[in-house]
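Student: One structure is given below, represented as structure tokens, and several questions about it will come after.
The values are calculated or read from the model by the stated rules, or taken from the named source; none is laboratory data. Only a predicted model underlies this, so the values are computations on that prediction, with no experimental measurement involved. Please note: Cβ atoms are built from the backbone with ideal geometry, for glycine as well, and neighbour counts cover all protein chains shown. Ligands, DNA and RNA are excluded from the accessible area calculation, which covers all protein heavy atoms including side chains. Shrake-Rupley method; radii C 1.70, N 1.55, O 1.52, S 1.80 Å.
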Amino acid sequence: MEAMRSFRNASFFFLLTVPLWGQLRDSANQRLIKFGAAVDPTKFSEAAYASALAREFNQVEAENVMKFGPIHPTKDTYSFTASDQVIQFAQLNKMAVRGHTLVWHSQNPSWLTDGGFSLPQLMQIMQDHITTVMQKYAGKVYAWDVINEPFNDDGTYRQSVWTGSGANASVGYIETALKTARAADPNALLFINDFNVETTGTKADALYRVAQDFRGRGVPLDGVGLQAHLTVSFNNYAGLDANIKRFTDLGLQVHITELDVR
């Protein structure tokens, strides 16, 4: 929590005043900030990529290889080779690993989306997937985006394979996923991650209501991820700060998860 507050208060000053070559990781460590990058393990063999990554960052997060499709390509098989490479790189270079992502509407394998499974069957598949992946990396991945992008921009729930459709549609998968994740690795931090929730507004309000409800009922949730796909015209720092504060006031961590500026 203290590290996240430090990030909120010092982030823009930090980005403007620290030399941008060879100093970022040291400066992040001094401020107790996890400063990470999304990584593609096929690039680890490129010396410039690997050396810059290890030198400038103290955290890595798989860009794609830990998503459902790549890591669980058929119903009865898992493919951990690429994700293992991410873990091994991080361990070799004393970096933290953040997991992305366990349950999402996108990048799911065709066996799942076209399998004709009932909602109860889908919930069992989801629980088995979460348990298998999280237990595989227990103690190696400190935080997971358990749920990724569950909301539409108007604050309603996004329909996906996990909700079902028609009269049987349900958003209970979110709570089920978080409870399953806690049981699979009690020490990992569990997050809901989404975009366009950086400042107060309709979509962020929906995320806040769910977080508030879960915290009140004891549903395991440790934080929210703000993807922060910003543009150069972004200037609503007061809204960003107020939004972060209301989540931290619930006792949640806030991670800036996919920061880019277009």
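Student: Counting only protein heavy atoms and a 1.4 Å probe, tell me what percentage of the chain's accessible area is made up of carbon and sulfur.
Tutor: Of the solvent-accessible surface of the chain, carbon and sulfur hold 52 percent.
Student: Pairs K67/K203; K75/K245; K34/K67; K43/K136: which exceed 31 Å Cα-Cα?
Tutor: Where the Cα-Cα span goes over 31 Å, the pairs concerned are K75/K245.
Student: Quick one: give the max-minus-min coordinate of the C-alpha atoms of the chain along each principal axis, largest first, in Å.
Tutor: Result, largest extent first: 55, 42, 33 Å.
Student: Given Cα pairs under 8 Å that are at least 6 residues apart, what percent is the relative contact order of the range 53-147?
Tutor: Relative contact order here is 36 percent.
Student: Could you tally the net charge around P150, taking each other residue with its Cβ under 10 Å from the Cβ of P150, Lys/Arg +1 and Asp/Glu -1?
Tutor: So the environment of P150 carries a net charge of -1.
Student: Can you tell me which of N243, N29, N108 moves the most in a GNM of the chain? Springs connect C-alpha atoms under 10 Å apart.
Tutor: Looking only at N243, N29, N108, the biggest GNM fluctuation is shown by N29.
Student: How large is the helix-only mean residue ellipticity at 222 nm for the chain, computed as the sum of -39500 (n - 2.57) over DSSP H runs with n ≥ 4, divided by its residue count, in deg cm²/dmol to the nearest 500?
Tutor: Result for the chain, helices only: -13000 deg cm²/dmol.
Student: Counting heavy atoms of the protein chains only and a 1.4 Å probe, report the per residue accessible area for the chain as a whole number of Å².
Tutor: Ligands and nucleic acids excluded, the figure is 47 Å² per residue.
Student: With a 10 Å radius around each residue's Cβ, average the other Cβ atoms per peptide and rank 56-62, 117-123, highest first.
Tutor: Descending packing order for the listed peptides: 56-62, 117-123.
Student: Let me ask you something else. Restricting to the chain, compute how many DSSP beta bridges are antiparallel as a %, nearest 5.
Tutor: Antiparallel bridges make up about 5 percent of those DSSP assigns within the chain.
Student: Further, regarding this structure: Give the value in nm², to one decimal: projected area of the alpha carbon convex hull of the range 170-262, averaged over all directions.
Tutor: Taking the Cα atoms of the range 170-262, their convex hull projects to 6.4 nm² on average.
Student: Something else about it: Pairs of alpha-carbon atoms within less than 8 angstrom and 6+ residues apart define the contacts here; what relative contact order does the chain have, in percent?
Tutor: Contact order relative to length: 14 percent.
Student: Find the Cα radius of gyration of the range 107-262, compare it with 2.2 N^0.38 Å by division, and give the number to two decimals.
Tutor: 1.07
Student: Among 222-235, 168-181, how do they line up from the highest to the lowest mean number of other beta-carbon atoms within 10 Å?
Tutor: The packing order, highest mean first, is 168-181, 222-235.
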